[in-house]
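First the structure, in the form of structure tokens, and then the observations on it.
No lab work stands behind these numbers, since they all come straight from the coordinates. This structure is a prediction, so every number in the text was calculated from the model and none was measured. Cβ: placed from backbone, ideal geometry, glycine included. Neighbour counts: every protein chain shown.
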Amino acid sequence: MSRTQTKLPSGRRGEGGLTKDEVAAIQRSRILFAMAESVADQGYPSVSVADVVGRAGVSRATFYEMFDDKQDCFLAAFDTAIGLVFGGLALPTGRDPASFDVLLASYLESIATHEAFSRVFLIDIYAVPEGTRRRSESQANFAEFIATLFGVTDEQRRFACEAIVAATATLVTARLAAGDLDGIRALHAPLVRLAHDLLG
């Protein structure tokens with residue numbers, strides 16, 4: 001799989017009057033995008049720090065100023081992926097079953113749009129021990145959010161929320177692994193039906 005690196009500013013001092021902090025922020029973004037894209041191309045175990053800094057166009061010294069090691073950078077990329085997938089969603093704070101349809105569409109679109117980061121979030125995160133815990137927490141939070149939307153209070157329907165999240169993750173992951181981005185978007189209607197059938 002070959003990808004063109006996401007275009008970001010080079011992050012050199014003096015370019016466009018950038019401050020030191022702005023330079024550091026740009027370089028960090030370049031490293032995280034490079035990590036996500038390298039992992040999407042090669043898989044986490046095969047990626048080296050050299051691969052990441054080469055793709056990001058930064059020095060090893062810059063990398064180690066920001067991250068302890070490859071895994072630290074990878075987990076930061078996972079956190080970035082969560083921000084990309086969920087950060088743009090306007091999440092209701094109370095019962096609102098009708099909004100599930102819109103929010104699910106936005107979620108699926110975010111997954112399809114940010115393919116490399118989505119692979120970090122859904123597939124490669126299991127390559128590190130800490131990743132399993134973080135992914136489980138993410139799924140639990142999503143299930144709790146669905147429970148809030150549908151006003152779920154009993155244990156049986158709460159289990160249905162967990163089942164919806166598990167089904168969504170499995171179906172999306174299979175299509176993401178196959179590069180079927182349109183297939184991810186097409187999951188919207190059947191998943192909406194499933195949620196409303198189970199939760200009312």
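One table, with the values for the structure above:
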item	result
Assigned charges on the beta-carbon of Lys, Arg, Asp, Glu; the chain dipole about Cα centre (debye)	400 debye
Calculated from backbone phi, Karplus (6.51, -1.76, 1.60) coupling profile of segment 51-57 in Hz, x at Gly/Pro	4, 5, 5, x, 6, 6, x
Inter-site label distance for residue 141 and residue 178 at 7 Å from Cα along Cβ, in nm	3.0 nm
Over 15 Å [Cα-Cα, segment 64-160], rounded percent	65 percent
Label-point separation in nm, residue 126 to residue 105, each point 7 Å along Cα→Cβ	3.1 nm
From the C-alpha gyration tensor of the chain, square roots of 5λ in Å	35, 17, 15
Förster-model FRET efficiency, 22 Å R0, residue 133 and residue 48, C-beta, rounded to 0.05	0.35
Estimated [θ] at 222 nm from DSSP helical runs (n ≥ 4, -39500 (n - 2.57)) normalised by residues in the chain, nearest 500	-22500 deg cm²/dmol
R0 of 45 Å, Cβ-Cβ distance residue 189-residue 61: FRET efficiency to nearest 0.05	0.35
